[in-house]
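Everything below concerns the one structure shown next.
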Amino acid sequence: MARHVRTICSLAAALLLSQTPPTAAPTAAQDPGAPAAREAAPARQAERPGRTGLPLPRFVSLRASEVNLRTGPGVRYPIDWVYRRRDLPVEIIDEHETWRRIRDWEGTIGWVHQSMLQGARKVMVTGELRVLRRAPERAADPIARIEPGVIARLEACDEGWCEISIDGLSGWLERHEFYGVYPREEVE
């Protein structure tokens with residue numbers, strides 16, 4: 001019952017925050033030790049190679065507009081959550097054969113098949129209405145106001161700022177204004 005209430009509250013909040021919120025099925029797999037929100041997320045652990053040789057953890061994005069999150073690494077495990085948002089950024093935290101254990105922006109953890117993920121770096125605006133700026137400084141001219149839930153392509157990061165692009169519009173946001181990049185990660 002509590003899981004259903006959490007899901008209903010999460011969906012209601014997402015609908016209020018954005019015109020195109022990430023949507024999901026009725027329940028979510030939650031690791032008891034996982035953060036409930038991005039602000040509670042720990043700093044990136046030291047990179048360690050996964051079975052693929054790529055670093056863990058790492059950010060990727062969803063390849064399809066419908067992706068099943070399972071309770072374990074295989075189709076025999078039940079579906080616990082359904083993502084209905086292509087390009088949503090997620091973090092790969094473990095690998096098992098062709099399956100990847102992921103964590104989303106709310107801290108939900110589960111397994112997806114590698115074919116449902118892509119290496120393209122995307123970010124999702126979080127919190128409140130954000131101002132996209134022409135340069136990486138607060139005094140820079142504003143370009144646009146970006147609503148929470150908007151997904152953009154990550155271009156580069158410079159200290160506390162990252163350059164993103166949305167439908168051909170490019171500008172800078174502070175790192176804390178979106179999900180999809182580590183606090184001190186260098187992106188070129």
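So which residues in segment 145-160 are hydrophobic (A, V, I, L, M, F, W, C) and touching an Asp or Glu at 6+ places or on another chain (Cβ under 6 Å), if there are any at all? Break it down stepwise before answering.
So in segment 145-160, the residues hydrophobic (A, V, I, L, M, F, W, C) come out as 146, 150-152, 154, 156-157.
Correct list: 151, 156.
Search segment 126-150 for residues that are farther than 21 Å from residue 179 by Cβ and pair each with any residue that is among the basic types (Lys, Arg) and buried (at least 16 other Cβ atoms within 10 Å of the Cβ) when their beta-carbon atoms are under 7 Å apart and the residues are at least 6 apart or on different chains.
140/133; 141/133; 142/133
Looking at residue 157 and the list (1) in the same structural domain as residue 56 (by TED's automatic domain parsing); (2) farther than 17 Å from residue 67 by Cα, which single condition is not satisfied?
Looking at each condition in turn, residue 157 falls short on (1).
Within the group 25, 36, 46, 12, which residue is over 19 Å from residue 121 (Cα atoms), in contact with a strand residue (DSSP E or B) (Cβ under 8 Å, 6 or more places away or on another chain) and at pLDDT below 65? Don't jump to the end; show me each part of the working.
Numbers: 36 fails: in contact with a strand residue (DSSP E or B) (Cβ under 8 Å, 6 or more places away or on another chain); 46 fails: in contact with a strand residue (DSSP E or B) (Cβ under 8 Å, 6 or more places away or on another chain); 12 fails: in contact with a strand residue (DSSP E or B) (Cβ under 8 Å, 6 or more places away or on another chain).
Only one candidate qualifies: 25.
What is the one condition in (1) over 15 Å from the mean Cα position of the chain (by Cα); (2) closer than 23 Å to residue 173 by Cβ; (3) surrounded by fewer than 20 Cβ atoms within 10 Å (Cβ to Cβ) that residue 132 does not satisfy?
Every condition holds for residue 132 apart from (3).
Please go through segment 85-124 and pick out each residue that is among the basic types (Lys, Arg) and under 20 Å from residue 146 (Cα atoms).
Kept after step one, since they are among the basic types (Lys, Arg), are these residues of segment 85-124: 85-86, 100-101, 103, 121-122.
Those that are among the basic types (Lys, Arg) and under 20 Å from residue 146 (Cα atoms): 85, 86, 121, 122.
Please determine whether any residue of segment 91-105 is of a type outside the set (A, V, I, L, M, F, W, C) and touching a Phe, Trp or Tyr at 6+ places or on another chain (Cβ under 6 Å).
Within segment 91-105, the subset of a type outside the set (A, V, I, L, M, F, W, C) is 91, 94-98, 100-101, 103-104.
Those still in the list that are touching a Phe, Trp or Tyr at 6+ places or on another chain (Cβ under 6 Å) too: 91, 101.
Yes, some residue in segment 91-105 is of a type outside the set (A, V, I, L, M, F, W, C) and touching a Phe, Trp or Tyr at 6+ places or on another chain (Cβ under 6 Å).
The values are calculated or read from the model by the stated rules, or taken from the named source; none is laboratory data. Every value quoted in this text rests on a predicted model; they were computed, and no experiment measured them. All Cβ positions, glycine included, derive from the backbone under ideal geometry; neighbour counts span all protein chains shown.
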